[in-house]
Amino acid sequence: MIRRTIFAALGATVAMANPPSALAQETLPVVATFSILSDFVKNVGGDRVSITTLVGTNGDAHVYQPAPADAKKLAGAKVIFVNGFKLEGWIDRLIKASGTKASVVTATKGITPREMAEDEDRDGRKGQAHEHGVDPHAWQSIANARIYVANIRDALTAADPAGKEAYEKNAADYLAKLAAVETEVKEAIAKIPAERRRIITTHDAFGYFGAAYGFEFIAPQGVSTETEASARDVAKIIRQIRAQKIPAVFLENVSDPRLVQRISEETGAKIGGTIYSDALSGENGPASTYIDMMRHNIRELSAALTS
Ligand SMILES: [Zn+2]
């Protein structure tokens, strides 16, 4: 009892002698390139990290143009989290320009990428043009999200060994939440008739989702938003919608809605709503976290395809 009192008194003295900032636990400054990755880091890092996000909510990481302030953000970071798989074509130059000493962590490390071959779509059928390269949207499969979380946990532990236990606990808690969402997604898809599990989106951002949960996404634009869809691509998709009676087209939060609106008008396929592909919504939007994004997307798909 006495000891506790002395301890409390000592604590009070220290608190008065030091400014509050010196007493507060120092946080690990980290950068994440885009909002979805930032949310994973937030969940694993908790209050031990302070996160700066380069491409904000509703932003398009494919075509992002870094500002000089971004180089300063990197210079002040201890760890920089990137997606990899060529999502951030601009990041290498920015890192170099910043002179940062931070460790650069590729959050998709260990994930098998979907490779896109020209003139071959994801089902291996010939004739659907895609650009060469890998598909960066690995986060759209929750199985892959687990790998992001493990990579983030390991990287934070390496940068801040004192936080090991906290990072492990946070990661485990978050993985349990992801497992629950994964079950919801699978159950919701099981309720959509198999022949209706096929929609149009603007760019090819849902290939991992489709492969994981048994769903087909067809997009006039490739796996990046950098290249615009050609008139030929659009004409082909319009024919495909008619021939295969594809029930719905969806808008994306990061893409110009006009292309999909035009396709809807020409084919009569209804616009199912807006799904979140490459970025979270703002705080008051329907997809301000990864988990809310997955729930929102599956709600939109279910609503459009089961009615
Ligand atoms: Zn994308």
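From the list D60, D47, the one residue that fits, being more than 12 Å from L94 (Cα to Cα) and over 20 Å from the mean Cα position of the chain (by Cα), is D47.
If you go through region 239-271 and pick out every residue that is exposed (fewer than 13 other Cβ atoms within 10 Å of the Cβ) and assigned to a loop (DSSP other than H, G, I, E, B), you end up with 2.
When region 56-74 is filtered for residues that are surrounded by 15 or more Cβ atoms within 10 Å (Cβ to Cβ) and either more than 19 Å from Y290 (Cβ to Cβ) or not acidic (D, E) (or both), the ones remaining, listed by number, are T57, N58, G59, A61, H62, Y64, P66, D70, A71, K73, L74.
Starting from residues that are hydroxyl-bearing (S, T, Y) and buried (at least 18 other Cβ atoms within 10 Å of the Cβ), keep the ones in region 203-238 and report whichever is nearest to R114 (Cα to Cα). Checked region 203-238; the qualifying residue nearest to R114 (Cα to Cα) is Y208. Of the residues making up region 269-281, those that are touching a residue at least 40 places away in the same chain (Cβ under 8 Å) and under 21 Å from V82 (Cα atoms) number 5. Taken residue by residue, region 209-231 has at least one member that is closer than 24 Å to I111 by Cβ, in a helix (DSSP H, G or I) and within 13 Å of the ligand (Cβ to nearest atom).
Values quoted throughout were computed directly from the atomic coordinates according to the rules given, and no laboratory measurement underlies them. Not measured: the values here are computed from a predicted model. Virtual Cβ from ideal backbone geometry, glycine too; neighbours counted across all protein chains shown.
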